[in-house]
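Here's the structure, in structure tokens; my notes come after.
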Amino acid sequence: MIDKIQIRESLPNDLSSIEELYPNAFPDEDLLPLVRELLREQAIILSLVGIADKALAGHVMFTTCSIAGRTDKVALLGPLAVAPAWQRRGIGSALVRAGLQRLENARTNQVYVLGDPAYYRRFGFEPDDGVTPPYPLPEEWHAAWQSLSLRRNAPPLHGRLSVPRPWRRQALWAP
Ligand SMILES: CC(C)(COP(=O)(O)OP(=O)(O)OC[C@H]1O[C@@H](n2cnc3c(N)ncnc32)[C@H](O)[C@@H]1OP(=O)(O)O)[C@@H](O)C(=O)NCCC(=O)NCCS
């Protein structure tokens, strides 16, 4: 863990550091087109950066989504990246927790994520069978589709998650 991580909303000036971060954190995956498109959708995203030693060490995004026929405010977490030199020092967790707190303050009911349950369960995420992802997932990814309720005693949601355009690419939902 490091003592001082500053978490704040990303600024236009952060773009070049964000563009450097993703290929380093995900050498086998090109998430930059998604990140760039999401950053253009300021009205529906929350984009947070983690600053350590005055450098951009991590980034997380949350996108406002919806469930057909429901008015519940829901969000999708991702992508999340921490620079290799800064991994396993609490920056990823700090980014996720800060984002969840902001979403809770903004009365978001439920947050979805497609990711490793071994990582996301620490925040309270659990596999979700009620709301299906926008594209069918391969069987081996079933447990990776998870959600977290930000509202106590909220009734379970059912339906399919409807995502905005940047997320409507099947490749983002397949191995
Ligand atoms: C996954 C990632 C975002 C975690 O951020 P981080 O700042 O390194 O993680 P934190 O320091 O907050 O948490 C560290 C804990 O997560 C665990 N962890 C880290 N990466 C993990 C992973 N891919 N799967 C499972 N657990 C993981 C560590 O073992 C550690 O556990 P501990 O607290 O019990 O010791 C970061 O390592 C990363 O960007 N990795 C490369 C890109 C990637 O795989 N992203 C996946 C996001 S779905």
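A straight line joining the Cα centroids of the stretch 50-90 and the stretch 108-125 runs 11 Å. Only helices enter the 222 nm calculation for the chain: every DSSP H run of n ≥ 4 contributes -39,500 (n - 2.57), and dividing by all residues gives -6500 deg cm²/dmol, rounded to 500.
Can you pull the percent of the stretch 35-118's accessible area that's carbon plus sulfur, 1.4 Å probe, other chains left in place? Each step should come with its number before you reach the end.
Numbers: 1680 of 3700 Å².
Ligands and nucleic acids excluded, carbon and sulfur reach 46 percent.
Principal axis analysis of the Cα atoms in the stretch 63-171 yields extents of 44, 32, 24 Å, listed in decreasing size. Sorting 26-32, 47-53 by average packing, meaning the other beta carbons within 10 Å per residue, from highest down gives 47-53, 26-32.
Across the stretch 147-155, computed HN-Hα scalar couplings (Karplus, 6.51 cos²θ - 1.76 cosθ + 1.60, θ = phi - 60°) run 9, 9, 8, 9, 10, 5, 6, 6, x Hz from first to last residue, x flagging Gly and Pro. A cut-off under 10 angstrom between Cβ atoms defines the neighbours of ARG151, and their net charge, with Lys, Arg +1 and Asp, Glu -1, is +1. On the principal axes of its alpha carbon atoms, the stretch 87-141 extends 31, 30, 16 Å, with the longest extent given first. Amide H to amide H distances under 5 Å link LYS73 with ASN109, where only residues 5 or more positions off or on other chains count and H is placed in the peptide plane.
Over the stretch 98-144, accessible surface divided per residue gives 56 Å², non-protein components excluded, 1.4 Å probe. Once the mean of 1/r is taken over each pair of separate Cα atoms and inverted, the stretch 122-175 shows a Kirkwood hydrodynamic radius of 12.4 Å. The residues packed around LEU34, meaning those with a beta-carbon under 14 Å from its beta-carbon, carry a net charge of 0 if Lys and Arg are +1 and Asp and Glu are -1.
Counting only DSSP beta bridges with both residues in the stretch 62-175, the antiparallel share comes to about 70 percent. Taken about its Cα centre, the stretch 16-86 carries a charge dipole of roughly 340 debye when the Cβ of each Lys and Arg holds +1 and the Cβ of each Asp and Glu holds -1.
The values are calculated or read from the model by the stated rules, or taken from the named source; none is laboratory data. In this text the structure is predicted, and so the values were computed from the model without any measurement. In this analysis, Cβ positions are derived from the backbone assuming ideal geometry, glycine residues included, and neighbour counts consider all displayed protein chains. When the accessible area is computed, the model is the full protein with side chains, heavy atoms only, and any ligands, DNA or RNA have been set aside. Shrake-Rupley method; radii C 1.70, N 1.55, O 1.52, S 1.80 Å.
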